[in-house]
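Participant: Got a structure here, written out as structure tokens. Questions coming.
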Amino acid sequence: MAGNSKKKLRAQILAKRAQKHSTDSFIAVAEVDSVCNMAAATDQLKAGNDAVTSKNVLKQLLKFPAFVSAGAVAVYESFGAEPDTTEIIRWCEAQGKQVLVPDRDWSLYRFQGGDISQADFIIVPALAVDRQGHRLGRGGGWYDRVLVHKRLETPVVALVYSDEVLQSIPHEPHDIPVDYWLSAYFNK
């Protein structure tokens, strides 16, 4: 049941992204509490007016002490309409951080630059997140398979657009929730 619902939701979000792909956006950050319940955190956040760029995503990430102090950061290489991670990767490299990016051979479930268990901070793509921290990915389960190997204390942040923060998302027992999300708001 959840699988079909996730498939339909995934198709809807991908279609919306394709229609509105734009950089006329701004960022807000929300946190999942210790029991992984997302209270109306987005309502408590002050959103800026900056256009969403990779630099603005980085600016928001610099508010996370765990990101700033991380020796190793696992981060996806964005493509298409995904929130851009280019500046995040450049900043991490300039700071001398170990940067772990998914291997392009998705069947290997590994990262270039090291093992996910070495990561002190993890940034994942998402098509949507809900207020309980459930993440909707592209449907292959790659991150769910990989994230089970992270250290328990390592925070996981998903990057999404504002209309992709939902009240709830169909989920299954194997789905690994995120701890935080960065949300890019469209001004349209």
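Participant: What shape does region 81-127 take by its C-alpha gyration tensor, where a ≥ b ≥ c are the square roots of the eigenvalues and a/c under 1.5 counts as rounded, a/b above b/c as prolate, and the rest as oblate?
Facilitator: Oblate is the answer for region 81-127, as a/c is 1.5 or above yet b/c matches or exceeds a/b.
Participant: Next question. Going through the cross-link list K97/K150; K7/K55; K6/K63; K63/K150, which pairs have a Cα-Cα distance over 28 Å in this structure? Please report the intermediate quantities before stating the final value.
Facilitator: Details: K97/K150 17 Å; K7/K55 32 Å; K6/K63 32 Å; K63/K150 22 Å.
Going by Cα-Cα distance, K7/K55; K6/K63 fall outside the 28 Å limit.
Participant: Full extension from Q12 to K55: what is 0.36 nm times the residue separation minus their Cα-Cα distance, to one decimal in nm?
Facilitator: Residue separation times 0.36 nm, minus the Cα-Cα distance, leaves 12.7 nm.
Participant: Dividing the convex hull volume of the Cα atoms of region 114-159 by its residue count, what figure in Å³ per residue is obtained?
Facilitator: Details: hull volume 3.7 nm³, N = 46.
That works out to 80 Å³ per residue.
Bear in mind these aren't lab numbers, they're just calculated from the coordinates by the rules spelled out. This one's a predicted model, so the numbers in the text were calculated from it and none came from an experiment.
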